[in-house]
1. Kirkwood Rh over Cα pairs of segment 127-208 into Stokes-Einstein at 10 °C, 1.306 mPa s: D in µm²/s?
2. Taking the Cβ of Gly2 as the centre, find all other residues whose Cβ is under 13 Å away and add up their charges (Lys, Arg: +1; Asp, Glu: -1).
3. What does the charge count near Pro71 come to, summing +1 for each Lys or Arg and -1 for each Asp or Glu among other residues with Cβ under 15 Å from its Cβ?
4. Calculate one ³J(HN,Hα) per residue across segment 253-263 by plugging θ = phi - 60° into the Karplus curve 6.51 cos²θ - 1.76 cosθ + 1.60, and present them in order as whole Hz with x for glycine and proline.
5. What's log10 of I(q)/I(0) for the chain at q = 0.11, 0.16 Å⁻¹, Debye sum over Cα points only, no solvent?
6. Given the peptides 33-40, 152-159, arrange them by the average over their residues of other C-beta atoms within 10 Å, most packed first.
7. Taking amide H atoms as placed 1.01 Å from N in the peptide plane, list the residues 5 or more away in sequence, or in a different chain, whose amide H sits under 5 Å from that of Asn263.
8. What accessible area, in Å² to the nearest ten, does a 1.4 Å probe give for Ile269?
Amino acid sequence: MGEVLVLVDHVDGAVRKPTLELLTLARRIGDPVAVFLGTGVDTAAPVLAEYGAVKVLAADAAEFADYLVVPKVDALQAAAASVQPVAVLVPSSAEGKEVAARLALRLNSGIITDATDVEPGDDGPVATQAVFAASFTTKSRITTGVPVITVKPNSAAPEAAPAAGTVEQLAVSFGELATGTKVLTRTPRESTGRPELTEAAIVVSGGRGVNGAENFHIIEALADSLGAAVGASRAAVDAGWYPHTNQVGQTGKSVSPQLYVANGISGAIQHRAGMQTSKTIVAVNKDAEAPIFDLVDYGVVGDLFQVVPQLTEVITARKG
Ligand SMILES: Cc1cc2nc3c(=O)[nH]c(=O)nc-3n(C[C@H](O)[C@H](O)[C@H](O)COP(=O)(O)OP(=O)(O)OC[C@H]3O[C@@H](n4cnc5c(N)ncnc54)[C@H](O)[C@@H]3O)c2cc1C
């Protein structure tokens, strides 16, 4: 089996869960080689090894933090040149997709974005995608160059499979474009204490049925009882009840959690586009004819103001 490059998503060496998922998927198609850029490799390397990285290619330079995207592309290209990988897997974040696209262009390779699964195939890895607002599932294989695939968070359950994880320094020479766009300031987002929406294993969302910003605490309470992230439909966001950063759907974020709970959301195609690949879908809606019920695993026809607090109470009591 050949080696599979996995671009590590981390914060100062704290490896984020989507990377562990990528390592788990990478093991199906080859030997994972993690590419770690920036500071904190000493913290990250044991974790990457635990999840199957046979090798960690590490590079640290001010360029990774000070400039947008291109330095990472330079580094990933250097890693691809040193390893001759059978595939490159990148987390499907906005930055990851830009890095992957630029890398594919440089390698003269095909690219698949937003895959929800990656399997071995006779002629190279086969990626699953949900397309056309998730109304179709496709399986595709890249026919040109080294397959570059971005994978959505929550596409696989991370499984430990200890490997050597030997750290090797990666020599990177930055091209002219690397310093094209400089980062001037950074403002950390205020933490809600809840998981990041696109990475959360459980998402609890509210729609127009929540009927006001002042009622969203009902949704937040259910989310907190489950350790979930909070999402919102565009109707709720447009009404100013919840921030745009929490919008789920075609023009919002795409989520694929283990459990998605839609409250007071009708299930418009544009909303479904952002959550239809969730593993288990639950909806609470007072209209039995609401289209969301066509795709749920469990549906409750009822008033969310009665159902959701009761659900929160039961979950909290069971946990206690
Ligand atoms: C180009 C384009 C892009 C779009 N992008 C997005 C997107 O990214 N995300 C997105 O969500 N939408 C998007 N939309 C909008 C989308 O078409 C719908 O208008 C929107 O999703 C509706 O939100 P909703 O389900 O909250 O509201 P509604 O469709 O009004 O549904 C509200 C639901 O709440 C139920 N309800 C009301 N009161 C209660 C109660 N007390 N208890 C239980 N149930 C109750 C009702 O029965 C109803 O089913 C987009 C539209 C366009 C044209």
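The values are calculated or read from the model by the stated rules, or taken from the named source; none is laboratory data. Not measured: the values here are computed from a predicted model. Backbone-built Cβ (ideal geometry, glycine too); neighbour counts: all protein chains shown. These area figures cover heavy atoms from the full protein model, side chains too; ligands, DNA and RNA do not enter into them. Shrake-Rupley method; radii C 1.70, N 1.55, O 1.52, S 1.80 Å.
1. Working: Rh = 18.8 Å.
Diffusion coefficient, whole number: 84 µm²/s.
2. Numbers: positive: Arg27, Arg28, Lys55; negative: Glu3, Asp31.
Combined, the nearby Lys, Arg, Asp and Glu give +1.
3. Numbers: positive: Lys72, Arg102, Arg106, Lys182; negative: Asp60, Glu63, Asp66, Asp74, Glu95, Glu98, Glu176.
Result for the local shell: -3.
4. 9, 9, 10, 9, x, 5, 9, 10, 10, 9, 10
5. With no solvent term, the Cα-only Debye profile gives -0.73, -1.25.
6. On the way: 33-40: 24.0, 152-159: 19.4.
Result, highest mean first: 33-40, 152-159.
7. Those lying under 5 Å, H to H, from Asn263 are Ser205, Gly206, Gly207, Val284.
8. 90
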